[in-house]
Every structure is written in C-alpha cells, then in structure tokens.
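Structure first, then comments.
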Amino acid sequence: MARVLLIVFLMLLSQISSAQNSRLRILTENWPPVTYEKSGAPQGMAVELTQLLQKRMNSNDLIEVVPWPRGYELVKTKPNVLLFTMTRTPEREKLFTLLGPIANGEIALYTRRSFPTEFHTLDEIREKFTIGVHRGTVFQKTLEEYDFKNIVPVNSPISNLKMLMAGRVDFICEDALVIKELLKEAGYPADASQKAFSLLKKSSLYFAFSRGTPKETVEKWQRAFTDVKKNGEFKTLHQKWFGNHPAPMDVVVINPPDEFVFPETPVRKSLSAGLLKFLFPDSE
C-alpha cells in the first residue's frame, strides 16, 4: 500500500513540475515610458497593456524586468517565453511569433541641441562621428545595416543619453517615442536634444513569443488584445502615455517558418523518474 501511495505521489509531483514548466515566462526591459521598473515593480505603457490583457485572461504570470540582451537570448532559445516590446523586423519575423502592434515609433539619430547638424550629411556622420547605442538592440542592428563606422555600444538607454549630453558621443540612435522621457529620467529638459536624421520612419513595437510556445497561448493573447482594441481600452491607455500620437488599432499576428531546432541542452531526468529508478530497480 505504501509503495502504491508513493508512486501516486511521485506521479503528482511530475505533473506539477510539468505544469510549472509550461507556464509562460514574461519578460520586459527598462525603456521608459514604454517599459521600466520603479520601486521594484514593472511600469510603463506596455506593462499596463500586458496587465490589462492578463486580467481578461485570468492570468497572474509574473512580469520580470531584465536587461535587454538577457531577455532577447531567453526568448530566442527557450520555449514558453514572452518578451515585450520588440521592434518588428524581417529578421525577427523568422525567429518569433509577433503580436501587435503595441505602438508605432520612429528610429532616428539624435544629438545635443547645440550641435550644428545642418552642416553635416548622413554620409559624413557615418564616417566621422561617434554614435552611442543601447547594446544588442534593434538600434545597434540598424546602425550596422547603415554601415556606421564608429558605433559605441552601452548597457542602457539612460547611460546612452547621458554620454551624449556629456559630449562623449556625438549622436545616439533612439526611438522618437521615448526620447523625451529618457531626457526627463536623465535629468535634462525636454528640448536638450534634437533629431538629426530619421533612419526608419515607422518602427512598430510587438509582443514576441518564443518558439515552442503553444499555439493556444498565443491565440488567447490575440483574442484579449483584439477585445481591448475593439472596446476602446487600448486607445485610452495609448493616449494616457503618448498623448495625441496615433494609436495603432489593427491586430497583427506573424508566425515564423516551421524549420527550427532549439540549441542542444543536456538531457535531465525528472526527479520522479530518478526516485522511481532508485527505489524500485526490480520494476524495470
């Protein structure tokens, strides 16, 4: 009898472990006002949107604020991971299931207000001037695609802006949606910088689901997103954070091609399987 009860207990333990492993891990970064952390809690427009969708789905999965390179690596290599917000690019359409748009911005070069941009062409900036950029982001990728020569990667958007204002770089690459808030967070007036050149007129922000996330999970998020866009909640939230900036009212899902294999990881036996083998070697 004791042996039967132990087997039942181990089976339940295995089921609980499996359920925990299937939970969606939700990640975001410090990129105010879209996503950021304050007093240990996630904040921002996209965070409030995520919480609104979770409420509709009766979900209480934790939202973690992590450095962008770490979040990007996890969503690229692990199943059941959601990272937001991610700028939609052709490369990322092949890697993730994208749901959006959450907001539309513009990727551009910014410099100090006193910098004489009218005397410099984009080609001259590309060859002669230093460009600060948040490491591992779409901004760095954009600069590389434009063949900029003097890219200076840094670990956060706030640090990037501070380097610009201190004169340690000549330009930074950033999104028009966030530049004013970054200036505020860094302690500078809203007019301390100026846009020099636009590199991507429309940069659309999305939720990114990793490979291996169940189709049913994505569909639940899609239905909730569609509902809040239809009933006006999304538009109200967007206006709260971005004022009169046009709110994208369509809902788009982009699925990557099927051909994909996760990087190999060591195979680990479950705790229950190991205990059964140890306790009952004669049962094999």
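Annotations for the structure displayed:
- Top-ranked residue of the range 210-241 - restricted to ones that are in a helix (DSSP H, G or I) and among the hydroxyl-bearing types (Ser, Thr, Tyr), ranked as nearest to GLU91 (Cα to Cα): THR217
- Among (1) touching a helix residue (DSSP H, G or I) at 6+ places or on another chain (Cβ under 6 Å); (2) open to solvent by 70 Å² or more (accessible area, probe 1.4 Å); (3) part of a loop (DSSP other than H, G, I, E, B) - the single one ASN244 does not satisfy: (1)
- Set LEU99, LEU205: member being among the hydrophobic types (A, V, I, L, M, F, W, C), in contact with a Gly (Cβ under 7 Å, 6 or more places away or on another chain) and surrounded by 17 or more Cβ atoms within 10 Å (Cβ to Cβ): LEU205
- Residue match in the range 131-151 (condition: part of a strand (DSSP E or B) and surrounded by fewer than 20 Cβ atoms within 10 Å (Cβ to Cβ)): yes
- When each of ARG70, ARG56, ARG3 is tested for being more than 20 Å from the chain's Cα centre (by Cα) and at pLDDT 95 or above, the lone residue that passes is ARG56.
- Residue within the range 88-95 that is at pLDDT below 95 and either among the hydroxyl-bearing types (Ser, Thr, Tyr) or assigned to a helix (DSSP H, G or I) (or both) present: no
- None of ALA196, ALA208, ALA192, ALA247 is of a type in the set (A, V, I, L, M, F, W, C) and at pLDDT below 95 except ALA196.
- Criterion: among the basic types (Lys, Arg) and either open to solvent by less than 10 Å² (accessible area, probe 1.4 Å) or under 18 Å from ARG113 (Cα atoms) (or both) - qualifying residue of LYS184, LYS215: LYS184
- Boolean, GLY212 is more than 17 Å from the chain's Cα centre (by Cα) and within 22 Å of TYR36 (Cα to Cα): no
- Of the residues contained in the range 58-67, one or more are found to be under 24 Å from GLY136 (Cα atoms) and of a type outside the set (A, V, I, L, M, F, W, C).
- Residue match in the range 158-168 (condition: of a type in the set (S, T, N, Q) and not in a strand (DSSP E or B)): yes
The values are calculated or read from the model by the stated rules, or taken from the named source; none is laboratory data. Given the structure is predicted, the values throughout are model-derived calculations rather than measurements. Reconstructed Cβ throughout: ideal geometry from the backbone, glycine too, with neighbour counts over all protein chains shown. In case anyone asks, the SASA skips ligands and DNA or RNA and just uses the protein heavy atoms, side chains included. Shrake-Rupley method; radii C 1.70, N 1.55, O 1.52, S 1.80 Å.
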